[in-house]
Amino acid sequence: MNTIDLPRFDGSWRAHPDVPTGAAILKWQEHLRQITRQWLRADAPVADWLASYSSLRINLLRAVWLQVIPEHHRENMDYIALGSTARGEDVFDSDLDYALFLHHPVNMETVLPYLYQFIERMAALGFPPCKGFVMGTNERWSGTEEEWEQRIESYFQFPSWENVRYLFMMLDSRVLTKEPLRLPDGSRTWEPLRQRVQEQLRRSPYLCWEMAHLGIQDTVSRARVNPAIFRFGHGCVHIKSGLLSPVLHSIRLLAVAHGVFAVSTQHRLLELTACGALDRELAHRLESCIDYAYRTRIKQYIDNPDAKAGTDDLLLFRMSKAQLETLAEHIDTAKKLERMISRRFRKPR
């Protein structure tokens, strides 16, 4: 199985004002899981599944956005996808996180009811709201170009760890929906703003150090450090926060330092390898590590679709010796990158 074609959700619900029926959604989601099980059994490339699921999710986002948000509001703002959606790396339980770029001041009180309805419908389709409230309904993530520039400047002027996190989060973003033929004369778009933030971060060694030492250092799972944990299979590894996120954040930080403006992790890796920022052996190991982490997260969800506490905890006692050795190998790769980042981004004197 070299390609995967995930089933689209039946669009007939768009003609009705109510949220799609639960039965129809459950049937569609089970179909998604069945197709994904076949893909897992075929051991096909993770990139193929991520591309197909990303396309599916973006089409749903656009369809619901067009259905719920009135045209006179849509033409005044761009929907900015953030995080894994922007990178094209969503999995089944990825949060709905987004920002709004307004082309002129908008009375948000008139828009908020529609935004809440949009969030509700996306949640019904299986895309939960961002737990950290990184959404356009939060005034921190909505504004005109002037408001965004003022906000960004305040983050650079007061570089607390929270503010630095917001700046780096802006790098994983792209415009998802807009009305390009109706933009006011002289209006600007999101991408130049994102690139200016990245360039300013590149020229700020202290902020890069903050990300390296407050956001990345010691975030790779410590399970590999204690051989007894792997020998006896006690405990667990959180596959996202203990393996995948440290690697993705490290690659993003290297992209900042080397002027790589790509958004997807795959393209960042390719460009970093091409410019010599990563040697090919490490890049290959990182590709394998990322593939493993996403494949594991997808499988965990498929095996436990109704789990209430999330599916990212990889329980070691359930793993065979060979599986533990594979996990240890990828944790070692992530630790190697983590140490490289710590050495590369030292605190400025």
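Computed quantities for the displayed model
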| quantity | calculated |
| --- | --- |
| Surface accessible to a 1.4 Å probe, per residue, for the residues of the chain, Å² | 48 |
| Listed peptides 69-75, 93-99, 284-290, 30-36 by packing density, highest first (mean Cβ within 10 Å) | 93-99, 284-290, 30-36, 69-75 |
| Across 131/336; 299/336; 240/335; 240/347; 27/131; 131/347, pairs whose alpha-carbon gap is larger than 21 Å | 131/336; 299/336; 240/347; 27/131; 131/347 |
| Highest to lowest packing among 264-274, 197-207, scored as the average C-beta count within 10 Å | 264-274, 197-207 |
| Region 293-349 - Kirkwood radius from inverse mean 1/r over Cα pairs (Å) | 13.7 |
| Carbon/sulfur fraction of accessible area - the chain, other protein chains in place, 1.4 Å, % | 50 |
| Under 5 Å, built H, 5+ apart or other chain: amide partners of residue 172 | 83 |
| Built amide H within the under 5 Å cut-off of residue 142, gap 5+ | 100 |
| From the coordinates shown, Kirkwood radius over Cα pairs in Å corresponds to which of (i) 22.2; (ii) 26.3; (iii) 21.6 | (iii) |
| Stokes-Einstein D for region 231-311, Kirkwood Rh over Cα pairs, 37 °C, 0.692 mPa s (µm²/s) | 232 |
| Within region 247-277, backbone nitrogen closer than 11 Å to the virtual label 7 Å beyond the Cα of residue 202 toward Cβ | 255-262 |
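The values are calculated or read from the model by the stated rules, or taken from the named source; none is laboratory data. The model shown is predicted, which means the values in this text are computed figures rather than measured ones. Counting neighbours? That spans all protein chains shown, and the Cβs are built from the backbone with ideal geometry, glycine included. These accessible areas exclude ligands, DNA and RNA; they are computed on the full protein's heavy atoms, side chains included. Shrake-Rupley method; radii C 1.70, N 1.55, O 1.52, S 1.80 Å.
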